[in-house]
Each structure stands twice: as C-alpha cells, then as structure tokens.
1. What is the gain in length, in nm to one decimal, between R228 and A159 on full extension, counting 0.36 nm per residue of separation less the C-alpha to C-alpha distance?
2. Can you show me the helix-derived [θ] at 222 nm for the chain, built from DSSP H runs with n ≥ 4 at -39,500 (n - 2.57) apiece and divided by the number of residues, rounded to the nearest 500.
3. Can you find, among I41, I90, M311, the residue farthest towards the positive end of the dipole of the chain? Put +1 on the C-beta of Lys and Arg, -1 on that of Asp and Glu.
4. Please arrange L193, L280, L303 by counting, for each residue, the other beta carbons lying within 10 Å of its beta carbon, fewest first.
5. Identify all lysines with a Cα-Cα distance to K249 below 23 Å; exclude those on the same chain that are fewer than 8 residues away in sequence.
6. For the modelled label position 7 Å from the Cα of M311 along Cα-to-Cβ, which residues of segment 203-232 have backbone nitrogen atoms closer than 18 Å?
7. With the dipole of the chain worked out from charges on the C-beta (+1 for Lys and Arg, -1 for Asp and Glu) around the Cα centre, which of I294, H22, G152 lies farthest toward the positive end?
8. How many angstrom separate the Cα center of segment 1-22 from the Cα center of segment 79-136?
Amino acid sequence: MTAYPKTSALMRRGSEFLGSEHAILCGAMSWVSERNLVSAISNAGGFGVIACGAMTPELLDAEIAATKALTVKPFGVNLITMHPDLFELIEVCGKHSVGHVVLAGGIPPKGSVEAIKAFGAKVIVFAPTLALAKKLLRSGGDALVIEGMEAGGHIGPVATSVLAQEFLPELAEEHVVFVAGGIGRGEAMAGYLEMGAVGVQLGTRFACATESIAHPDFKKAFFRANARDAVASVQIDPRLPVIPVRALKNKGTEEFTAKQREVANLLDAGSVDMGEAQLLIERFWAGALRRAVIDGDVENGSLMAGQSVGMVSKEEPVPEIIASLMAESEAALNRR
Ligand SMILES: Cc1cc2nc3c(=O)[nH]c(=O)nc-3n(C[C@H](O)[C@H](O)[C@H](O)COP(=O)(O)O)c2cc1C
C-alpha cells in the first residue's frame with residue numbers, strides 16, 4: 001500500500017516503464033548528475049540519469065560501474081546526440097545492460113535508436129514539436145520528455161504549460177510522456193499527471209540536494225536566487241543559431257556573448273563550418289558549467305538553473321525532496 005495512492009495511480013504507467021517506485025526522473029545535469037546524485041535518486045524511489053555530457057567512452061564506462069556499486073535500482077544514461085563518439089557510448093551502455101538511454105540535444109542520428117534497442121534498452125527522446133514527437137515515437141522512441149523553456153540548461157522557446165496542452169491530449173493515451181521544466185512542487189506535478197503525463201522530470205530542484213557534489217558556492221548561488229535571475233542566453237548573430245541556455249545571470253553570461261562573436265568571426269573567415277561552430281559553442285558551455293559546479297567559480301562559470309530556482313532555498317536530502325513532492329501532489333489531488 002502506497003502512502004500516496006492517488007499520485008501513484010496516476011504515475012502507474014510511468015513507474016512501470018522506469019521500474020522505479022515513483023515516476024520522478026532527475027533530469028541529467030552535466031557534472032552534477034554523477035554516481036552520487038544518480039544513485040541517491042534511484043535509492044529514494046525516483047529515477048536517476050547519468051549525464052554523459054562530453055565524457056569519453058572510458059569515463060562513461062567508469063561512471064556507470066561506480067553508480068552500479070551504489071545502487072541496485074534502475075537508472076538511465078543521457079547521451080548528447082552530437083557527441084562525436086555517440087555510437088561508442090551506446091556500446092558502453094550495452095556492455096553494462098543499461099535499461100534506459102535518454103537521447104538529448106537534437107534529432108537522434110540514423111541507426112542510434114536501433115543500436116540502443118539492439119541490447120534491449122528503452123529509448124527516451126525529447127521533441128520540440130508535436131510532429132517531430134510523433135515521428136520519433138513511430139521510429140522507435142519508447143517514451144517522450146516534453147520540456148518547457150522554464151527549465152535550466154538548454155531550452156526551447158515554448159513554456160511547459162503550453163507544450164503540455166499541445167502534446168498530452170494527442171499523445172498521452174497511447175504513449176509514455178513525461179513533463180519537465182519549471183516544476184518545483186508537487187501541486188504542479190499533480191496538474192500534469194491529471195492532464196495525462198505518466199510522470200515528471202526535474203533538474204533544478206535536485207541540483208542542490210545534500211547528495212549532489214556541486215560546489216558549496218554553486219549551491220549558495222541557487223539558494224540566494226529568485227526565479228527572475230534564471231535568464232535565457234541571447235543569440236547575437238543571426239547567422240550563428242545557438243540553442244539558448246537558461247542560467248543565473250553573472251559575468252559568465254557576458255562571456256558567452258564574447259564567445260559567440262569569436263565563433264561568428266571564425267565562421268566568416270571560413271576557418272570552421274556550421275557544425276564545428278556549434279561544437280565550439282557547446283564546448284564553451286561544458287567548460288563553463290564545470291567551472292561553476294566543480295570549481296565553485298560562480299562569477300565566471302555557468303550557473304545553469306531553471307526558473308524554479310526561487311523555490312530552492314536550502315540543502316535537502318534527496319529522500320526528503322521526493323517525499324515532499326509526493327505529499328504535495330497527494331494533498332492537491334485529495335483537495336480536488
Ligand atoms: C545545471 C544543469 C545542467 C543540465 N545539463 C543537462 C544535460 O547535460 N543534458 C540534458 O539533457 N539536460 C540537462 N539539463 C536539463 C535537466 O535534465 C532537466 O531537464 C531540467 O533541469 C528540468 O527543468 P527544471 O530545471 O525546471 O527542473 C540541465 C539542467 C541544469 C539545471
């Protein structure tokens with residue numbers, strides 16, 4: 001008997017799909033979602049996801065093995081589709097019989113979904129439009145995450161509330177759909193579950209958990225910040241389309257403007273093509289995020305955070321965060 005019968009009933013398909021007690025994913029966060037946070041989330045009944053980010057296949061291999069040593073519960077691995085070693089990374093997931101692979105950062109390249117399914121794992125995809133979501137679900141995607149612009153990290157242009165209204169009525173009955181972006185409390189979770197989502201994904205709310213290895217200064221910046229401090233980066237050159245990133249305002253935000261100018265000049269000079277230009281931009285983010293999360297350089301590093309950062313005011317253990325989300329959701333559903 002669950003302590004949260006109404007919420008658990010609405011999450012049933014999601015929990016069955018993930019193999020976890022609650023259908024609450026902790027979205028992969030580069031540098032943050034490593035063995036400690038991932039295992040803590042899964043051990044607390046949620047579903048942790050390792051952020052592969054720019055890791056080499058060797059590093060991912062070691063991270064998965066170390067996570068397995070800390071939990072016997074299921075967890076997933078998030079791979080960025082533009083990673084140059086994507087297929088080797090998929091092989092590493094296969095070697096460890098990872099049950100769920102999340103493909104993020106763009107349309108999965110040809111053969112990647114098939115390569116994941118070949119070792120029996122489930123594929124979780126992101127899609128910015130309904131048409132693309134349908135296509136990905138037809139061509140092998142087993143579940144979908146819809147993520148609104150309130151989220152931390154790389155974002156699309158549309159709010160979670162609007163995406164949920166567009167996607168859920170069309171897809172929720174037949175498909176496994178999780179909602180992400182801007183969820184800070186269980187009441188919001190309950191709302192999306194009632195609309196047909198089978199579960200939710202949160203990042204910002206978990207980034208400063210006690211079990212997160214993020215630097216104490218990174219955590220302090222989150223505790224101090226309000227929703228309005230988590231701003232989306234601005235594209236300065238129309239020829240260089242950059243995916244916006246939501247992060248707390250600091251000097252690093254300004255450095256990104258300078259970086260875009262530098263890369264646009266390289267494009268003009270013909271010394272890089274568009275694909276290389278985008279990789280340079282992504283490498284900038286990976287480096288900047290590392291400086292903030294690991295080194296605690298909250299001035300110059302990137303403090304990727306979603307608008308729900310205003311609801312994060314102290315360090316809390318993962319089991320307490322999950323319990324309060326479930327309790328808030330249950331209380332909201334009981335009031336209906
Ligand atoms: C610090 C940080 C780093 C992130 N890094 C990644 C990443 O490497 N890959 C990815 O797919 N999503 C990344 N995200 C997005 C999260 O996985 C998640 O979808 C998002 O945080 C959910 O929205 P929320 O922040 O409003 O809870 C990141 C988010 C944050 C806050």
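No value in this document is a laboratory result; all are computed from the given coordinates. Remember, predicted model here, so these are calculated numbers, not experimental data. Note that we place each Cβ from the backbone using ideal geometry, even for glycine, and neighbour counts take in every protein chain shown.
1. On the way: separation 69, 0.36 × 69 = 24.84 nm, distance 1.50 nm.
Result: 23.3 nm gained on full extension.
2. Values: 14 runs with 152 residues, N = 336.
When only DSSP H runs of four or more count, the value is -13500 deg cm²/dmol.
3. Result: M311, furthest along the dipole toward the positive end.
4. On the way: L193 24, L280 17, L303 30.
If I rank by nearby Cβ atoms, fewest first, I get L280, L193, L303.
5. K219, K220, K259, K314
6. Only 203-210, 222-231 pass the distance filter.
7. Of I294, H22, G152, it is H22.
8. 25
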